[in-house]
Amino acid sequence: MRYIIIGAGAVGGTIGARLHEGGHDVVLVARGAHLAALRTDGLRFGTPQGVRTLRIPAVGGPREVALRADDVLVLAVKTQDTAAALAAWAPCPVAGGGTAAERLPLVCAQNGVENERLALRLFREVLAMCVWMPSTHLAPGRVSAGGTPVSGVLWLGGHPSGTGGARAAAIAADLAASGFSAPVDQDVMRWKYTKLLGNLGNALDAVAGGTDGEELRALRERAVAEGVAVLAAAGIAHRDPAEQVRLARATLRLEPVAGEERSGSSSWQSLARGTGSIEADHLNGEIVLLGRLHGVPAPLNEALQRLAGEFARTGRAPGSLTAEELSVLTAL
């Protein structure tokens with residue numbers, strides 16, 4: 001199988017790099033300065049075992065690659081970019097006839113729970129992936145992953161249900177042989193809702209520059225408590241986020257990567273790179289949406305969604321939350 005990594009940032013870049021190093025055919029899809037750096041200098045990929053430059057084919061979009069019947073599309077963009085990516089790739093022709101949407105599997109290697117639903121509108125075969133991977137992308141052409149002895153835990157399964165059959169098993173085997181733990185789980189969306197709860201603090205991490213300290217820890221716990229109450233009202237099953245943390249930490253540990261500083265969450269990285277957008281609408285915003293649908297208020301998640309969006313739109317630096325803004329959050 002050839003892996004087309006749509007969105008070669010922290011998560012996509014790490015998955016692509018590891019698969020490439022595992023001997024698999026990989027194409028990275030990127031844009032802007034990151035794409036230019038990948039084409040000119042290759043991917044500078046760092047792990048606790050060292051930093052190396054990988055020469056992986058890189059393209060800017062579907063017009064630059066001829067799709068094959070053995071391709072696997074791995075969607076690793078932020079949720080706010082999912083609809084545009086799906087629209088671009090779904091109608092692309094595949095060698096031998098048919099389109100990508102008709103013939104190729106699409107793996108959603110993303111935070112949040114909306115991507116699979118969007119994908120299933122267009123693609124016949126959708127696989128969900130719950131990603132637990134400490135990785136960083138802050139500069140063009142550079143990605144690092146601090147997990148060892150594996151770079152991440154990637155739960156994989158079918159969507160809307162099932163294990164995903166032989167295709168998911170084959171993808172999981174390739175990932176497991178390329179530096180990941182990749183369990184196949186027919187209830188993978190339960191893991192994704194669990195990860196969603198854990199991600200509710202991402203917006204706070206981004207605007208406050210972390211969640212250490214009693215006041216910030218209390219806010220994070222309140223955001224998660226709102227999420228738990230909303231999912232209960234919606235009848236959506238999930239596991240204990242602490243269980244997911246324990247499983248992940250039993251599988252990998254964090255170690256430094258030479259020349260790379262530890263960064264914050266994916267939302268923090270979006271602000272640091274000045275992307276102009278942030279995924280809070282699909283993390284905290286998912287809880288807000290479900291809360292409104294089921295009559296359960298989620299005021300802290302609503303405030304974090306709004307504040308993170310304002311930071312992204314106006315280009316405010318991560319960690320620049322003011323004392324006045326913090327007092328507003330704590331007063332909710």
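From the coordinates of this entry, Cα Rg over 2.2 N^0.38 Å is computed, and it appears in (i) 1.16; (ii) 0.96; (iii) 1.10 under the label (ii). Any idea what angle helix 10-21 forms with the longest principal axis of the chain, computed on alpha-carbon atoms, 0 to 90 degrees, nearest 10? Once rounded, one gets 30 degrees.
Have a look at the DSSP beta bridges in the range 46-205 and tell me what percent are antiparallel, nearest 5.
Numbers: 13 of 24 bridges.
The antiparallel fraction comes to roughly 55 percent.
Relative to the dominant Cα principal axis of the chain, helix 214-234 is inclined by about 70°.
Result for the chain in a Gaussian network model with C-alpha springs under 10 Å: among A88, A17, A119, the largest mean-square fluctuation is at A88. Structure remark: mean-square fluctuation, Gaussian network model of the chain, C-alpha springs under 10 Å; the largest value among A100, A303, A182 belongs to A303.
Just to be sure I understand: of the beta bridges DSSP finds with both ends in the range 62-130, what percent are antiparallel, rounded to 5?
Values: 1 of 9 bridges.
Expressed as a percentage, antiparallel bridges in the range 62-130 total about 10.
Relative to the dominant Cα principal axis of the chain, helix 165-176 is inclined by about 80°. Of the solvent-accessible surface of the range 1-158, computed with a 1.4 Å probe and all protein chains present, 53% belongs to carbon and sulfur.
What does a probe at A83 reach in the range 283-300, counting residues whose amide N is under 18 Å from the point 7 Å along Cα→Cβ? Flagged as within label range: 283-290.
Of the residues I287, I15, I236, which exhibits the maximal mean-square fluctuation in a Gaussian network model of the chain defined by a 10 Å Cα contact cut-off? The residue that fluctuates most here is I236.
The values are calculated or read from the model by the stated rules, or taken from the named source; none is laboratory data. Predicted model, so just to flag it, every value in this text is computed and none were measured. A quick note on method: Cβ atoms are made from the backbone with ideal geometry, for glycine too, and the neighbour counts reach across all protein chains shown. The area values use the complete protein model at the heavy-atom level, side chains included, leaving out ligands, DNA and RNA. Shrake-Rupley method; radii C 1.70, N 1.55, O 1.52, S 1.80 Å.
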